[in-house]
Amino acid sequence: MSHLIAPSVLSADFGNLQRDCEMLNRSECDWYHVDIMDGVFVPNMSFGFPVLKSIQQHAKKPLDVHLMIVDPDRYLEEFKNFGATNITVHIEACTHLHRTIQKIKALGCKAGVALNPHTSVSLLEDIICDLDLVILMSVNPGYGGQKFIENTYMKTHKLKDMTVRKNSEALIEIDGGVNQENASKLVDIGANILVAGNFVFSSADPVATIAALKKL
């Protein structure tokens, strides 16, 4: 499959959310990437269910919901009801990860696991075949506009090797600091999905920026 582009709505203009959603609808992006932060798991808070509902009303593409929150199990059904196509939880936030993944799948959503920059991909050995996607954080989670962490290339290599060795169909999603300079290399070494926030929304022509990322 061709790689997917998932602009991060966290970098959108919340005073003009409908306008930015309509721009994404017109663009060649594949998913909306929606970061949910609770101010506990990460040192920042993003939007909650009311804003997610607004995004759902305007979005014409799947919602890729990334939960950067503690105890995500409490809210899985609500995120499904608010339009989530994919639900990704952090391995660092889940005591019983397998159970959480099964709950997400039982809701009819694609299930993903996210890893912070310091977390080894080797921890996924026993669950990789149960996953639909893995998000590798290429910045420390919590804020947009950060610099890409170079070690992400090695982690992507290792994760791609694991999926092949385990015959897993999990897609590899890179989140943080993605731009025109590193995107081609990430796709070449096995990334399937690129999350781009500030790089897209701060550009002079976001639709053209998305198109350029899509054509890599």
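The values are calculated or read from the model by the stated rules, or taken from the named source; none is laboratory data. None of the values given here were measured: they were computed from a predicted structure. We place every Cβ from the backbone using ideal geometry, glycine too, and count neighbours over all the protein chains shown.
One residue alone among Asp161, Asp130, Asp175 is among the acidic types (Asp, Glu), on the phi < 0 side of the Ramachandran plot and out of contact with any Ser or Thr (no Cβ under 9 Å at 6 or more places or on another chain), and that residue is Asp161. Any residue at all in the stretch 25-39 that is assigned to a helix (DSSP H, G or I), out of contact with any Ser or Thr (no Cβ under 6 Å at 6 or more places or on another chain) and either buried (at least 22 other Cβ atoms within 10 Å of the Cβ) or of a type in the set (Val, Ile, Thr) (or both)? No, the stretch 25-39 contains no residue that is assigned to a helix (DSSP H, G or I), out of contact with any Ser or Thr (no Cβ under 6 Å at 6 or more places or on another chain) and either buried (at least 22 other Cβ atoms within 10 Å of the Cβ) or of a type in the set (Val, Ile, Thr) (or both). Of all residues assigned to the stretch 62-75, at least one qualifies as being in contact with a Lys or Arg (Cβ under 8 Å, 6 or more places away or on another chain), farther than 20 Å from Asn198 by Cβ and either at pLDDT 95 or above or not basic (Lys, Arg) (or both).
Taking the stretch 133-216 and the strands (runs of 3 or more DSSP E) fully enclosed by it, no element has 3 or more residues that are polar (S, T, N, Q) and surrounded by fewer than 18 Cβ atoms within 10 Å (Cβ to Cβ). Inspection of the stretch 160-177 finds a residue satisfying the criterion of being without any contact (Cβ under 8 Å) to a residue 12 or more places away in the chain and under 15 Å from Leu136 (Cβ atoms).
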